[in-house]
Amino acid sequence: MDGDGDPESMGQPEEASSEEPQEEGCVVAPEAEASGGEEEEAAYLDELPEPLLLRVLAELPAAELVQACRLVCLRWKELVDGAPLWLLKCQQEGLVPEGGSEDERDHWQQFYFLSKRRRNLLRNPCGEEDLEGWCDVEHGGDGWRVEELPGDCGAEFAHDGSVRKFFASSFEWCRKAQVIDLQAEGYWEELLDTTQPAIVVKDWYSGRSDAGCLYELTVKLLSEHEDVLAEFSTGQVAVPQDGEDGGWTEISHTFTDYGPGVRFVRFEHAGQDSVYWKGWFGARVTNSSVWVEPPE
């Protein structure tokens with residue numbers, strides 16, 4: 001991790017209870033009192049005006065804020081739980097423009113953590129590592145093959161210059177999948193069950209100019225015990241032969257309000273040709289992705 005908190009960091013550790021609520025300032029338990037310079041330093045921080053104290057706290061790693069600083073006293077807990085601190089961290093780290101309004105989002109803390117973790121959760125989406133990272137691979141016909149763009153009778157991938165390869169399917173159904181463990185990727189239970197951040201899946205497919213083909217995408221949100229909680233499927237998509245170029249088509253779906261309990265995402269796509277020719281005349285796929293997005 002990069003100092004932005006571990007998967008449990010948003011579980012909000014509970015502070016020790018007290019019969020007398022701490023109305024103002026920071027009150028430290030006798031057994032935890034610092035001595036000498038440390039005590040003076042704590043007192044100095046306690047006297048700082050809120051805007052200055054927020055700037056001091058914003059310099060600390062996110063994990064320390066939620067796991068340690070919010071336990072110091074009631075005042076610090078309120079600051080760590082409040083929006084201004086996390087808006088400031090977002091601005092300092094370039095996640096939002098300077099001068100953003102506190103009212104633009106309800107949960108700046110969640111926005112911060114989700115933004116820091118934002119990335120494509122699928123491994124090897126374009127075949128740069130052959131079939132590494134993919135599971136439940138079915139090699140129908142002559143099986144999957146990785147080819148260089150644009151490939152025979154194909155089109156360049158003009159949407160992203162960094163994409164150089166694609167997976168080509170054969171004359172019988174070729175399938176492959178990945179299962180993403182969301183908790184292992186840093187998304188904790190409370191976030192998934194309460195915030196239910198948007199899960200965006202995308203895939204790109206193409207045919208050839210000399211043969212028609214079939215394509216299919218199925219994505220499932222699974223529980224801890226792999227029960228299906230939500231599902232998206234394109235069904236079988238017929239891709240006609242294109243005499244000029246078999247341009248690339250994007251498929252995209254966003255899961256929202258999917259309910260508590262989601263722990264895994266299963267991404268599976270498949271292709272075959274519709275002319276039953278030996279070789280790799282089936283659907284081509286590349287640049288697949290799964291993203292967990294911060295709230296808008």
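The residue list T249, T286 contains one member that is touching a Pro at 6+ places or on another chain (Cβ under 9 Å) and over 21 Å from T194 (Cα atoms), which is T286.
Residues in the range 163-192 that are at pLDDT 95 or above and either of a type in the set (S, T, N, Q) or more than 20 Å from R123 (Cα to Cα) (or both) were compared, and the one that is most open to solvent (accessible area, probe 1.4 Å) is E172. So which residues in the range 274-287 are small (G, A, S) and buried (at least 24 other Cβ atoms within 10 Å of the Cβ)? The answer is G282, A283. Close Cβ contacts (under 6 Å, 6 or more residues apart or on different chains) running from residues in the range 192-215 that are more than 30 Å from C153 (Cβ to Cβ) and small (G, A, S) to residues that are open to solvent by 20 Å² or more (accessible area, probe 1.4 Å) and outside any strand (DSSP E or B) comprise A198/T256; A198/E293.
Here's the yes/no breakdown for (1) at pLDDT 60 or above; (2) farther than 22 Å from W188 by Cβ; (3) surrounded by 15 or more Cβ atoms within 10 Å (Cβ to Cβ):
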| position | (1), (2), (3) |
| --- | --- |
| P49 | yes, yes, no |
| L52 | yes, yes, no |
| L57 | yes, no, yes |
| L65 | yes, no, yes |
| R70 | yes, no, yes |
| K77 | yes, no, yes |
| L88 | yes, yes, yes |
| Q92 | yes, yes, no |
| E98 | yes, yes, no |
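For the range 113-134, the set of residues classified as more than 20 Å from the chain's Cα centre (by Cα) and touching a residue at least 12 places away in the same chain (Cβ under 8 Å) consists of G127, E128, D130, L131, listed by residue number. Pairs are defined by a Cβ separation below 6 Å, a sequence spacing of at least 6 or placement on different chains, a first member in the range 279-296 that is among the polar types (S, T, N, Q), and a second member that is in a strand (DSSP E or B) and at pLDDT 95 or above; the pairs so defined are T286/F166; T286/W204; N287/W204; S288/D203; S289/K202.
The values are calculated or read from the model by the stated rules, or taken from the named source; none is laboratory data. Since the structure is predicted, the reported quantities are computational estimates derived from the model, not experimental observations. Virtual Cβ from ideal backbone geometry, glycine too; neighbours counted across all protein chains shown. To get the accessible areas, we keep the full protein, side chains included, count just its heavy atoms, and leave off ligands, DNA and RNA. Shrake-Rupley method; radii C 1.70, N 1.55, O 1.52, S 1.80 Å.
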